[in-house]
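Single-structure report; data block below.
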Amino acid sequence: AGECAGPADGECALSLRQLRSGRRMFGAASQAPGMPLDGARSLALEGGGWHSVNAFAGVTAGLLAAYANLNGPNQNSLNTSRLYEEFAAISSVSGGTWFFASLAYSQEFADVIDSIAADPSDAAAKWDKGWVQRVVTMGKEHNRFESLLDRVGGLDAKLEDLRMFEMARETGFLWKDDDKTWVDWIGSMLMQTAGIEESTKLGDAQVSSWARGKTWLLDHSIIAASKDSPAHLWSGDGQMTYWMVPEPGETLPAYIPAVFSVKLGEEG
């Protein structure tokens, strides 16, 4: 969520352009001021589901190994190196968020990355044992969404190329019976692959030392209703609801990019 499928996704691209131009909102500013980074850098981790986790894990391990080659063998771990020191903020979406949550809140996951950095020659086997096999153990023989996917394939084979159906194909085999929603599935997946308890809060104090104090920007998207596409809105006790309205003569895009932030290590 919160990402465009590509240049062909015109509606999503239009949403991004419209958001940048600003919209009148009740209860919030139309455009948030730039985050004060005091000259420090920020890092963006894009989405892509499993692909993002695999790619960013490999890049991080490779950078740690290169860092150790330049600064000494005791600099090949996340906690002993200064690899992420200069980044004051991390922005992530979808699979990029899965990766960063695992890296910052799971020593088990970080240990896998560190072990690969220490001996890159055996990277594939270590990643397979430390992460891939943990994912595979979630799987079932049949895809939870098989009947839906079969109907889609019967209607138009090209529909299978759409990201939502690709995600259903990927995750359907790993969906447990007690995963009632996408949020439930993400929680159980992070628990299975990184040992992160579902009760862990954003910004929880039990964060890795190298990540403490950094600002984490979590990107997502809001689905807006229109006269042709109604939507339901739920609001619980103690929650604040924001309303967004279009400028005169314009309509809201179907997908509105949004973000919220948290300071790592300041909760609980």
Please state which of the following conditions Gly139 fails to meet, knowing it meets all the rest: (1) more than 15 Å from Ser208 (Cβ to Cβ); (2) surrounded by 19 or more Cβ atoms within 10 Å (Cβ to Cβ).
(2)
Taking the range 58-90 as the search range and keeping residues that are under 22 Å from Val132 (Cβ atoms) and aliphatic (A, V, I, L, M), which one is surrounded by the fewest Cβ atoms within 10 Å (Cβ to Cβ)?
Val59
With the range 178-268 as the region, which strands (runs of 3 or more DSSP E) entirely inside it contain at least 1 residues that are at pLDDT 90 or above?
215-223, 255-263
So Gly213 ticks every box in (1) small (Gly, Ala, Ser); (2) on the phi < 0 side of the Ramachandran plot; (3) touching a residue at least 40 places away in the same chain (Cβ under 8 Å) but one. Which box is left unticked?
(2)
Strands (runs of 3 or more DSSP E) enclosed by the range 1-106 - at least 2 residues per element that are at pLDDT 80 or above:
41-45, 87-93
If only one of Lys140, Lys126 is in a helix (DSSP H, G or I) and out of contact with any Cys (no Cβ under 8 Å at 6 or more places or on another chain), which one is it?
Lys126
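The values are calculated or read from the model by the stated rules, or taken from the named source; none is laboratory data. Since this is a predicted model, take the numbers as computed values, not measurements. No Cβ is skipped: glycine too gets one built from the backbone with ideal geometry, and neighbour counts run over all protein chains shown.
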